[in-house]
Amino acid sequence: MNLYDKVIYQIYPKSFKDTTANGMGDIKGITRKLPYLNNLGVDMIWISPIFLSPQVDNGYDVEDYCKIDPIYGNMDDVDKLILKAKEYNIDIMFDMVFNHTSTKHEWFQKALKGDKKYMDYYIFKDKPTNWESKFGGNAWEYVDNLDKYYLHLFDKTQADLNWENDDVKKELVKVLNFWLEKGIKGFRFDVINLISKPKKFLSDDSDGRHFYTDGEKVVEYLQYLNKNALCKYDTLTVGEMSSTSIENCIKYSNKNMNTLDMTFSFVHLKLDYIDNNKWTLGSINIKDMKQLINEWQIEMNQKQGVNALFWSNHDQPRIVSRMGNTDDYHFESATAIAATTMLLKGVPFIYQGEEIGIGNAGFTTIDDYKDIESINFFNTSELDYNTKLSILQQKSRDNGRTPMLWEEGFTTGIPWIEESKIKYSIETKQNIFQFYKKLVNLKKTNIIIQEGDFVMLDTKDNIFAFKRTYKKESIYVYINLSIKEEQINLEEGKIIMKNYKDNVKGLLRPFEIIVIN
Ligand code: TEU
């Protein structure tokens, strides 16, 4: 499948559109909103997991990869969605959580009973290491009747699979082929660079991640999936990479490697961590951000790696709250930030609600939070209540999980999670949407934006400016990422996009963006 002319939209189904009044979004809700997605102009929708699951981690704990969780509907709904989406030329991308399964999965249940075949599907050891779980606490859980510990890099109900076992790989290939046969065109692979565990399980004075991140056999395993499933169909794949490097992302996305089509990396989303700790009150330094983007744009491009471009997803706070200003420049900052992904080289992902400027949750009590990672942090941190609450307001994954703000409402029932407390006008939402629509269209129709090389321009720290060049033709993008007005000399040419009505020569106003051809 062609890559650089694509725009992908992520749906977090639980919060997208409820058609049954149970307070949770569903598959029929997605089908109902296809005209809206078609109007936005996206090519593909990535749907976060809708497989059978106890929902401890909202579906990232899979009990059966080939069954649909009844809270979202049934297989018939999925078939209809695929068919209907085709009418709009929209393809569907599923979210494959292949690093771990839920402990409710039949395989794990058999393992728990001491079935040797299935114990070897997971990682059971006599002695634990001191590795930390990504959701807090130790990464090993003791099973009394087996007198062994199993590895869980995430919640204790998410047991890591043993990819050394050929049967595991075969089972997972079966799953991919099942969905490919049904007409699913894309896959997002959850934390896929964690699947290759070391030969020896050791402890040291770190949290352990260097032992299992970007392990020796990730490439080999991805090639296996590619050879036995993906390459037989016209697909588009993206791998979610935890704490990775450019070098590794090239291996995972260069087409000559026969691995994946592109990678999500998170280095740019850790800019507001203090000392690499998420649970702190940090802020993004624009200069550092530009430097990082520059590095990833240039190096990935040089060696034919492909960047999946994004700021927001279901694990991240809303970018307009994080980097923009929802009080005074909601429209301007939402649109300026949009241009920092949509106009770079790579494949942009829009996360539901980003296209209408939804901000952080703004929850003021711990009772409003639903996310397991957030709750674990709250329960285990020794900070005082108010500090913990402020940190959650800034960093909780629930910031990205509040219901989609449809004009007619998300649900007629009681939503599973509260709406964002940040209120703003329907007009602003519509204006942001219209701007996104223009960006999507530009991406889809302009070869310079699709294929052009990236060069960052030298500007003041708060201005992000870059040039895209293809066969001697260039597009210049100037973005003010602050509330400070800034003098700037713009390139001569035609303004093809702007987020202020007029423009003032030699000046970029707060969160102003100007695109020149
Ligand atoms: O997330 C991987 C991951 O390591 C982080 O995003 C993590 O959730 C958190 O932000 C660390 O602070 C993926 C999924 O996107 C996420 O929803 C799942 O919870 C996780 O894997 C486990 O499957």
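The condition of being within 31 Å of the chain's Cα centre (by Cα), away from the ligand (no atom under 16 Å from the Cβ) and modelled with pLDDT of 95 or more holds for only one of ASN145, ASN138, that being ASN138. Counting only residues that are within 30 Å of GLN297 (Cα to Cα) and in contact with an Asp or Glu (Cβ under 7 Å, 6 or more places away or on another chain), region 410-451 holds 6 of them. Filtered by the rule that a residue be of a type in the set (Phe, Trp, Tyr) and open to solvent by less than 20 Å² (accessible area, probe 1.4 Å), region 75-121 gives PHE94, PHE98, PHE108, TYR121.
Any residue that is away from the ligand (no atom under 14 Å from the Cβ), farther than 26 Å from THR263 by Cβ and touching a His at 6+ places or on another chain (Cβ under 9 Å) - is there at least one of those in region 165-179? No.
On the given criteria, is ASN258 modelled with pLDDT of 95 or more and among the polar types (S, T, N, Q)?
yes
For region 355-404, the tally of residues that are open to solvent by less than 40 Å² (accessible area, probe 1.4 Å) and part of a helix (DSSP H, G or I) stands at 18. Yes or no: LYS80 among the basic types (Lys, Arg), away from the ligand (no atom under 16 Å from the Cβ) and part of a strand (DSSP E or B)? When the stated conditions are applied, LYS80 does not pass them. Taking region 254-273 as the range and being of a type in the set (Phe, Trp, Tyr) and open to solvent by 40 Å² or more (accessible area, probe 1.4 Å) as the test, only TYR273 passes. Per the listing LYS110, LYS67, the residue uniquely more than 16 Å from the ligand (Cβ to nearest atom) and over 24 Å from ILE372 (Cβ atoms) is LYS110.
Scanning region 44-62 for residues that are open to solvent by 30 Å² or more (accessible area, probe 1.4 Å) and either of a type in the set (A, V, I, L, M) or more than 15 Å from the ligand (Cβ to nearest atom) (or both) turns up LEU52, VAL56. Annotation note: Cβ proximity below 7 Å between a residue of region 366-381 that is in contact (Cβ under 8 Å) with a residue 24 or more places away in the chain and among the polar types (S, T, N, Q) and a residue that is in a helix (DSSP H, G or I) and within 13 Å of the ligand (Cβ to nearest atom) (sequence gap 6+ or interchain) occurs for SER374/LEU392; SER374/ARG397; SER374/ASP398. What number of residues within region 298-319 satisfy the criterion of being on the phi < 0 side of the Ramachandran plot, open to solvent by 10 Å² or more (accessible area, probe 1.4 Å) and not hydrophobic (A, V, I, L, M, F, W, C)? Total meeting the criteria: 7.
Set side by side, the residues MET96, MET24, MET119 differ, and just one is more than 16 Å from the ligand (Cβ to nearest atom) and over 23 Å from TYR149 (Cα atoms), which is MET24. Taking each residue of region 233-253 that is open to solvent by 30 Å² or more (accessible area, probe 1.4 Å) and looking for partners that are within 11 Å of the ligand (Cβ to nearest atom) with beta-carbon atoms closer than 7 Å, six or more apart or interchain, yields SER243/ARG209; SER243/THR213.
Could you tell me whether region 407-415 includes any residue that is buried (at least 20 other Cβ atoms within 10 Å of the Cβ) and touching a residue at least 24 places away in the same chain (Cβ under 8 Å)? There is at least one residue in region 407-415 that is buried (at least 20 other Cβ atoms within 10 Å of the Cβ) and touching a residue at least 24 places away in the same chain (Cβ under 8 Å).
Among the residues making up region 493-504, those that are assigned to a loop (DSSP other than H, G, I, E, B) and either surrounded by 10 or more Cβ atoms within 10 Å (Cβ to Cβ) or without any contact (Cβ under 8 Å) to a residue 12 or more places away in the chain (or both) are GLY493, ASN499, TYR500, LYS501, ASP502, ASN503, VAL504. Would you call THR459 part of a loop (DSSP other than H, G, I, E, B) and touching a strand residue (DSSP E or B) at 6+ places or on another chain (Cβ under 8 Å)? Considered against the rule, which asks whether it is part of a loop (DSSP other than H, G, I, E, B) and touching a strand residue (DSSP E or B) at 6+ places or on another chain (Cβ under 8 Å), THR459 comes out as yes.
The values are calculated or read from the model by the stated rules, or taken from the named source; none is laboratory data. Note that the coordinates shown come from a computational prediction; the quantities given were computed from them, not determined experimentally. Ideal geometry is used to build each Cβ from the backbone, glycine not excepted, and the neighbour counts take in all protein chains shown. Heavy atoms of the whole protein, side chains included, go into the accessibility calculation; ligands, DNA and RNA do not. Shrake-Rupley method; radii C 1.70, N 1.55, O 1.52, S 1.80 Å.
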